[in-house]
Amino acid sequence: MPNNPSQSMVIRVAIPIHLHRLFDYLPPVDYPLDAIKPGLRVKVPFGNSHKVGFIIALLADSHMDFHKLKPIEAILDTQPLLADVDLELIAWVSRYYHYPLGIVYSNALPALLRQGRAAELPVEEYYALTDLGQTMDSSQLKRAPKQKALLVHFQQQAMPLPASALSAFDSKWRNSLKPLLEKMLLQSSQPTSVSQVSNTQPVLLRSEAFASNPAQQAAIDAVCQQLGQFKVFLLHGVTGSGKTEVYMQLIAKVLEQGQQVLVLVPEITLTPQLQQRFQQRFAASIAISHSRLSDNQRTAAWLAMQQGTCNIMLGTRSALFTPLPRPGLIILDEEHDASFKQQEGGCRFSARDVAVVRAKMLGVPVVLGSATPALESLHNANHNRYQLLRLPQRAGNALRPSFQLLDIRNQKMQDGLSAPLITQIHETLARDEQVLLFINRRGFAPTLICHSCGWVMRCKHCDANMVLHAKDNRLRCHHCGYGHARMLNCLACQSPQLTPLGLGTERVEQTLVRLFTNKKVVRLDRDSTKRKGSLEQSLEAINAGEADIILGTQMLAKGHHFSKVTLVAMLDVDGGLFSVDFHSAERLAQLIVQVAGRAGREQKPGRVVLQTRQPSHPLLLTLVQRGYTAFAQTALQERQDAFLPPFSYHALFRVQASQEQWASKFAELVVVLTNRFNSPGEVMVLGPVPAPMARKAGYYRYQVLLQSVARVSLHKLLDNMLPELYNQPRVMGVSWSLDIDPIDLY
Ligand code: ADP
Ligand code: ZN
Ligand code: ZN
C-alpha cells in the first residue's frame, strides 16, 4: 500500500552532511512539476536550518512517513549545472570511496555555487591594447620596468585579458595599469570569446610547435588515433624529455576539433609555469583553478568550462569534476605525485584513479605523464590496461646525468657534507656552474639532546621530537605546530650541555656560507618561502644565475627548471631505506629521480651524488645502475611476493580519540563488525594496532587495515559493515575515517 495519499511527486535530495542517506521532500508550493529535474540545486529546510542540496531523483512515493515530508523551499536553477555524465561520476566516487553522496556532490561545485549562489558568470573587467599600444616600442618605457613588462605581456598575448589573468601575471599589476591607461596604451575592453577566435583562426596557435622527435611523434600519433574513445596512456618520459611538448601538441589537436581539454597538475606552484607555456602557445583563454584563487575566480573558471566558452582547464585535484560539455582529452601531469590523493579530511579520492574513470565515462583518452610513474600505473601498463608510451631521451641537446653512490662511512663530515662532496662543489663553482643540495628536513636540527643525560625535547602532544629552528631560536613540532622557546638548560637534569642533534636546512646553510665564502646560497623550504612572492623571487634569482648553491627540501623535486645546475647532491638517502611503510621505497626512488632531473638540463652534462652509508643496498644499486624502470619492476616483484598492492587492495580505518582506550575500543569495534560480515579467507583484517605515530596533536591514533586480493570482496564487505558502523551510538571524542587505496599507512 503506497503511503502517498495525494499522489504528489516526491523529490529525493542529496544533502552535504555526514550521513549515508538521502532525504525526501515535496515540491515547492505552486511550482510547475515538469520543470523539476535531477541535477537542480535546491534550498531545503533541515533541522532548524537550511541546506543547499541536489535533486537526485523524482519518485512517486517515499520510504519516509509521507506526512512528515516538508516542501522544498526554493529551486535554485532552471537547468542542471551538471550533466548526467557528471552525476554518474559523483555517484561512482561516493560508492567507491564509501563517502556520503551529498558531500561528494557539493565538493564537485566551486564554493559559491555550493552555497547556493546564482550560476552566472561574474562580470570580469578586461583590458586590451589600444592601437597606439599595439605599435608602441616597449623600450620607450625602460625607465618604468613594471609598466614595460605589463605592456609587453599584452603585446605577447595579443588579446583582451581579464583581471584574474593579470593578477596571475603580476599581483601588483594595477599599479602599472593606471599609467598605461593614462598614456592611452591600454583601454578597458570586452573578452574575445573562444568561438570568435576560432572563426578567424582555424588553428589556435600563437607560436609554432617544435618539430617533434620520433619518440614524441610516436606518442602523439598513438593518442591522436584514439581521440573520441576511451583509452589510458602512460607517458613515461625522463625529466626534460618533452612531455609538456607532447601535451601541447595533443591539446592543439583537440582544440582544432572544437573540444575541451582538462589538464591536472599536482601542485599550485606548478600552474604558473605551465600556464605561461600554454599561453605562449595557444591563442585561447585558459581557465585556471587552484586553491590560491578567490572563490569568484574559481567559479568563473568553472562556469567558463561548463558553459563551453573556454576550452582548456588547468587546475589541481578538485578541477577534475569540472563539467565538460565537449570533452576531448584529460591530461594528468606528474601522475605519481602524492598530492593527487586527497589526504586529510573529506573524501580521500585519488584524482588519478578518478580521472581514468571519468575518461571512461566521457569516452575520451586520458594521458598520465611522469618521469617516475607510480608502481600501480606501471603494473597496469604491464597488464595492457594502460598503453605505455616512452620518451627515453631528453629533448633538445641535454644529456642524461651520471650517478654516483658516495659511501660516507668513516668519512669526516662537516654538517652532513663529506670531504669528497665538498671538493666536487668547489670544482663545480669554479666552473661557474650551479650546485643543488637536497635534504629532507627543514629547520636547524631535528632535535636538541642533553649531553649529560640524553634527554631530548619531545612534543607534548605528539610522538615526535621538537625541531630546533635557529632563526627564531625556538623548538617547533612539525606535526602539530606546538612551539617552545629554546631552553638553556636540560629540562631533566639542568645541565647546560644541550646540543643540536642531526641536520636541517638551516644548519647546512650556515655551514655552506662558512665553507664557500663569497658564494650565494639560496635556501628553498617551507620556512624560507612562507612570505607571498618569496618563492618566485628565489626562483628568479636562481634562473638569473645569481645563486651559486641552491639548498632545499622536497620543494626542489617539483618540476622547476634550473638550467645552470650541473651538480645535484642528496645529503642523506638512508632515512628512506628503513621505514615501516612499504610505500617508502617507491617514494624514495621517485624522489631521487625527480631531484636528479634538475641536473644538467641544458648543454652541460649533470652529475648526481647520493651520500649513503648503504652503498650496496639493492634498491639504490638497481636504481642507479639500471634506472627507474628496472627499479620499478624489482619493487613490483617484491610487492607481488608479499601480496601487497597493486597485487591486493587496501582499505584503512584510522581512529583517533583524546583518550587512548576510547580509540582502541572503537578500533576493536571496527574489527568486530568487519569479522561479522567477512567470509573466511576473503578479506584479511590487520589490527587494531596503534598508528606508526601513535599520538599526534593530542590525539591517540589506532588503525585497522583491510586487505584483499579481490577488490569486489573488499567493497562488498565495506558496503555491509559501514551502515552498522554508522548505526553505532556516537562515541563522544572519537573520530574515524576510511581511506580506500591508501598511499601511506600513517
Ligand atoms: P618535460 O615536460 O618532459 O620535462 P619539456 O616539454 O619541458 O619536458 O621539454 C624540455 C625542454 O626541451 C624544453 O625546453 C622544451 O622546450 C624542449 N623541447 C621539447 N621538445 C622538443 C623538440 N622536439 N625539439 C627541441 N626541443 C624540445
Ligand atoms: Zn640532561
Ligand atoms: Zn606536536
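When you look at Ser195, is it modelled with pLDDT under 90, open to solvent by 60 Å² or more (accessible area, probe 1.4 Å), farther than 30 Å from Val254 by Cα and of a type in the set (S, T, N, Q), yes or no?
Spelling it out, it is not the case that Ser195 is modelled with pLDDT under 90, open to solvent by 60 Å² or more (accessible area, probe 1.4 Å), farther than 30 Å from Val254 by Cα and of a type in the set (S, T, N, Q).
A Cβ distance below 9 Å, combined with a sequence gap of six or more or placement on separate chains, defines the contacts here; from region 139-162, residues that are under 23 Å from Phe282 (Cα atoms) and modelled with pLDDT under 85 reach residues that are in a loop (DSSP other than H, G, I, E, B) and of a type in the set (D, E, K, R) in the pairs Gln156/Arg206; Gln157/Arg206; Ala158/Arg206; Pro162/Glu124; Pro162/Glu125. Strands (runs of 3 or more DSSP E) wholly in region 18-98 with at least 3 residues that are at positive phi and β-branched (Val, Ile, Thr) - which ones? Answer list for region 18-98: none.
Considering region 349-419, the qualifying strands (runs of 3 or more DSSP E), each wholly inside and each with 2 or more residues that are farther than 17 Å from Ala222 by Cβ and touching a strand residue (DSSP E or B) at 6+ places or on another chain (Cβ under 8 Å), run over 402-407. Residues that are surrounded by 18 or more Cβ atoms within 10 Å (Cβ to Cβ) and not in a strand (DSSP E or B) were ranked within region 254-266; the one that is farthest from ligand 1 (Cβ to nearest atom) is Gln259. Residues in region 402-442 that are under 16 Å from Ala599 (Cα atoms) and open to solvent by 60 Å² or more (accessible area, probe 1.4 Å): Glu427, Arg431, Asp432. Applying a threshold of 6 Å to beta carbon distances and a minimum spacing of six or more residues, or different chains, the list of pairs starting in region 574-594 at a residue that is within 16 Å of Gln625 (Cα to Cα) and ending at one that is of a type outside the set (Gly, Ala, Ser) reads Ala589/Leu623; Ala589/Phe631; Gln590/His336; Gln590/Thr372; Val593/Thr372; Val593/Tyr628.
Only a single item in (1) at pLDDT 90 or above; (2) of a type in the set (Lys, Arg); (3) within 16 Å of the chain's Cα centre (by Cα) is not met by Lys243, and it is number (3). Beta carbons closer than 7 Å, at least 6 apart along the sequence or on distinct chains, pair a first residue in region 708-725 that is within 19 Å of Ala642 (Cβ to Cβ) with a second that is at pLDDT 95 or above and in a helix (DSSP H, G or I) for Ser708/Leu714. When Ala651 is tested against (1) buried (at least 20 other Cβ atoms within 10 Å of the Cβ); (2) small (Gly, Ala, Ser); (3) over 27 Å from the mean Cα position of the chain (by Cα); (4) more than 30 Å from Lys564 (Cα to Cα), exactly one condition is not met: (3). Among the candidates Lys696, Lys665, the residue that is more than 13 Å from Leu717 (Cβ to Cβ), in contact with a His (Cβ under 8 Å, 6 or more places away or on another chain), among the charged types (D, E, K, R) and surrounded by 13 or more Cβ atoms within 10 Å (Cβ to Cβ) is uniquely Lys696.
Kindly indicate which of Cys490, Cys480, Cys453 is over 37 Å from the mean Cα position of the chain (by Cα), surrounded by fewer than 21 Cβ atoms within 10 Å (Cβ to Cβ) and not charged (D, E, K, R).
On the way: Cys490 fails: surrounded by fewer than 21 Cβ atoms within 10 Å (Cβ to Cβ); Cys480 fails: over 37 Å from the mean Cα position of the chain (by Cα).
Exactly one of Cys490, Cys480, Cys453 is over 37 Å from the mean Cα position of the chain (by Cα), surrounded by fewer than 21 Cβ atoms within 10 Å (Cβ to Cβ) and not charged (D, E, K, R), namely Cys453.
Taking the residues in region 370-407 that are of a type in the set (D, E, K, R) and under 24 Å from His561 (Cβ atoms) as candidates, determine which candidate is modelled with the highest pLDDT. Only one residue tops the list, namely Arg390. In region 344-378, which residues are open to solvent by 10 Å² or more (accessible area, probe 1.4 Å) and either aliphatic (A, V, I, L, M) or within 15 Å of Lys243 (Cβ to Cβ) (or both)? Those that are open to solvent by 10 Å² or more (accessible area, probe 1.4 Å) and either aliphatic (A, V, I, L, M) or within 15 Å of Lys243 (Cβ to Cβ) (or both): Val356, Val357, Met361, Leu362.
Number of residues in region 179-192 that are modelled with pLDDT of 80 or more and either open to solvent by 70 Å² or more (accessible area, probe 1.4 Å) or basic (Lys, Arg) (or both): the value is 5. Only residues that are assigned to a loop (DSSP other than H, G, I, E, B) and open to solvent by 40 Å² or more (accessible area, probe 1.4 Å) were counted across region 564-588, and they come to 6.
Criterion first (in a helix (DSSP H, G or I), in contact with a Pro (Cβ under 8 Å, 6 or more places away or on another chain) and hydrophobic (A, V, I, L, M, F, W, C)) does Val671 satisfy it? Yes: the conditions hold for Val671. If I filter region 277-300 for residues that are touching a residue at least 60 places away in the same chain (Cβ under 8 Å), within 14 Å of ligand 1 (Cβ to nearest atom) and not aromatic (Phe, Trp, Tyr), do I get at least one hit? Yes, region 277-300 contains a residue that is touching a residue at least 60 places away in the same chain (Cβ under 8 Å), within 14 Å of ligand 1 (Cβ to nearest atom) and not aromatic (Phe, Trp, Tyr). Here Leu129 meets the list (1) among the aliphatic types (A, V, I, L, M); (2) in contact with a helix residue (DSSP H, G or I) (Cβ under 9 Å, 6 or more places away or on another chain); (3) open to solvent by 30 Å² or more (accessible area, probe 1.4 Å) almost entirely, failing just condition (3). Determine, yes or no, whether Ala485 is aliphatic (A, V, I, L, M), farther than 23 Å from Ile439 by Cβ, open to solvent by 50 Å² or more (accessible area, probe 1.4 Å) and away from ligand 2 (no atom under 16 Å from the Cβ). Answer is yes for this residue. Checking each residue in region 702-719 for being in a helix (DSSP H, G or I) and more than 29 Å from Glu660 (Cβ to Cβ) picks out Arg711, Val712, Ser713, His715, Lys716, Asp719. In region 165-178, is there at least one residue being open to solvent by 50 Å² or more (accessible area, probe 1.4 Å), part of a loop (DSSP other than H, G, I, E, B) and modelled with pLDDT of 90 or more? No: zero hits. Under 8 Å between Cβ atoms, at least 6 apart or on separate chains: pull out the pairs that start in region 113-135 with a residue that is free of Cβ contacts under 8 Å to residues at least 40 places away in the same chain and end on any residue that is assigned to a helix (DSSP H, G or I). That search, which allows pairs on different chains as well, returns Gln134/Gln155. Kindly check whether there is at least one residue in region 429-448 that is aliphatic (A, V, I, L, M), more than 16 Å from ligand 1 (Cβ to nearest atom), in contact with a strand residue (DSSP E or B) (Cβ under 6 Å, 6 or more places away or on another chain) and farther than 29 Å from Pro605 by Cα. For region 429-448, residues aliphatic (A, V, I, L, M), more than 16 Å from ligand 1 (Cβ to nearest atom), in contact with a strand residue (DSSP E or B) (Cβ under 6 Å, 6 or more places away or on another chain) and farther than 29 Å from Pro605 by Cα: present. Selection of region 644-661 for residues being of a type in the set (Lys, Arg) and under 14 Å from Ser377 (Cα atoms) yields an empty set. Among the residues of region 670-696, those identified as more than 23 Å from Pro645 (Cα to Cα) and in contact with a strand residue (DSSP E or B) (Cβ under 9 Å, 6 or more places away or on another chain) are Ala694, Arg695, Lys696. Elements of the type strands (runs of 3 or more DSSP E) sitting completely within region 440-532 and holding at least 3 residues that are touching a residue at least 24 places away in the same chain (Cβ under 8 Å) and either within 16 Å of ligand 3 (Cβ to nearest atom) or not hydrophobic (A, V, I, L, M, F, W, C) (or both): these cover 467-469.
The values are calculated or read from the model by the stated rules, or taken from the named source; none is laboratory data. This is a predicted model, so every value here is computed, not measured. Note: ideal-geometry Cβ built from the backbone for every residue, glycine included; neighbour counts use all protein chains shown. Note: accessible area is taken over every heavy atom of the protein model, side chains too, but ligands, DNA and RNA are not part of it. Shrake-Rupley method; radii C 1.70, N 1.55, O 1.52, S 1.80 Å.
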